[in-house]
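The values are calculated or read from the model by the stated rules, or taken from the named source; none is laboratory data. Fair warning: this is a prediction, and the values are worked out from it, not measured in the lab. As a convention, Cβ positions derive from the backbone with ideal geometry for all residues, glycine included, and neighbour counts pool all protein chains shown.
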Amino acid sequence: MSEYDVQRPEHEWREALSPEEYHVLREAGTERAFTGELLDEERAGLYTCRACGAELFRSGTKFDSGCGWPSFYEAVRPEAVQLLEDRSLGMVRTEVRCARCGSHLGHVFPDGFGTPTGDRYCMNSLSLGFEPGD
């Protein structure tokens, strides 16, 4: 495991997060499509890691990809997220983790057609916090 700025024993993560958040953030689970509270969030603001509060995505990079999860075309800074090869479920994908605490956020795919980067960061609402702002 990599060294992260924010590290806690698993029992502290369990105390700090709801069971659903823990499953997604710490066990690389996935919430059901079209059920996340941030899917239809349209206000200006900043998306953060629900586990540690790290800044992850700006609202201006969010777009409606139709996939059922909040989608962004780039992170707030490249070093804000960690990208790892994921060979689970019989396929090769790129997992996205919070670079500050190592929590699972979702996956990134090269199918963000029409966006400035061509990427689609497909994130679980349960892995994100939202801070309204300009």
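Residue by residue, here is whether (1) at pLDDT below 95; (2) in a strand (DSSP E or B); (3) on the phi < 0 side of the Ramachandran plot holds:
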position: G60; (1), (2), (3): no, no, yes
position: C101; (1), (2), (3): no, no, yes
position: V108; (1), (2), (3): no, yes, yes
position: G114; (1), (2), (3): yes, no, no
position: C122; (1), (2), (3): no, yes, yes
position: F130; (1), (2), (3): no, yes, yes
Suppose we keep only residues that are in a loop (DSSP other than H, G, I, E, B) and not basic (K, R) within the stretch 45-55. Which one would you say is nearest to G68 (Cα to Cα)? A51
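A quick yes/no check of all residues on (1) out of contact with any helix residue (DSSP H, G or I) (no Cβ under 6 Å at 6 or more places or on another chain); (2) among the polar types (S, T, N, Q):
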{"site": "Y4", "(1), (2)": "yes, no"}
{"site": "Q7", "(1), (2)": "yes, yes"}
{"site": "W13", "(1), (2)": "no, no"}
{"site": "Y73", "(1), (2)": "no, no"}
Within the stretch 64-92, the count of residues that are crowded, with 16+ Cβ neighbours inside 10 Å and farther than 26 Å from D5 by Cα comes to 2
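One line per residue, one yes/no per condition, for (1) touching a residue at least 40 places away in the same chain (Cβ under 8 Å); (2) surrounded by 15 or more Cβ atoms within 10 Å (Cβ to Cβ); (3) assigned to a helix (DSSP H, G or I):
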| site | (1), (2), (3) |
| --- | --- |
| D5 | yes, no, no |
| W13 | no, yes, yes |
| Y22 | no, yes, yes |
| L25 | yes, yes, yes |
| T30 | yes, yes, no |
| F34 | no, no, no |
| E37 | yes, no, no |
| D40 | no, no, no |
| R43 | yes, no, no |
May I ask you to list the residues in the stretch 68-94 that are modelled with pLDDT of 95 or more and assigned to a loop (DSSP other than H, G, I, E, B)? G68, W69, P70, Y73, E74, A75, V76, R77
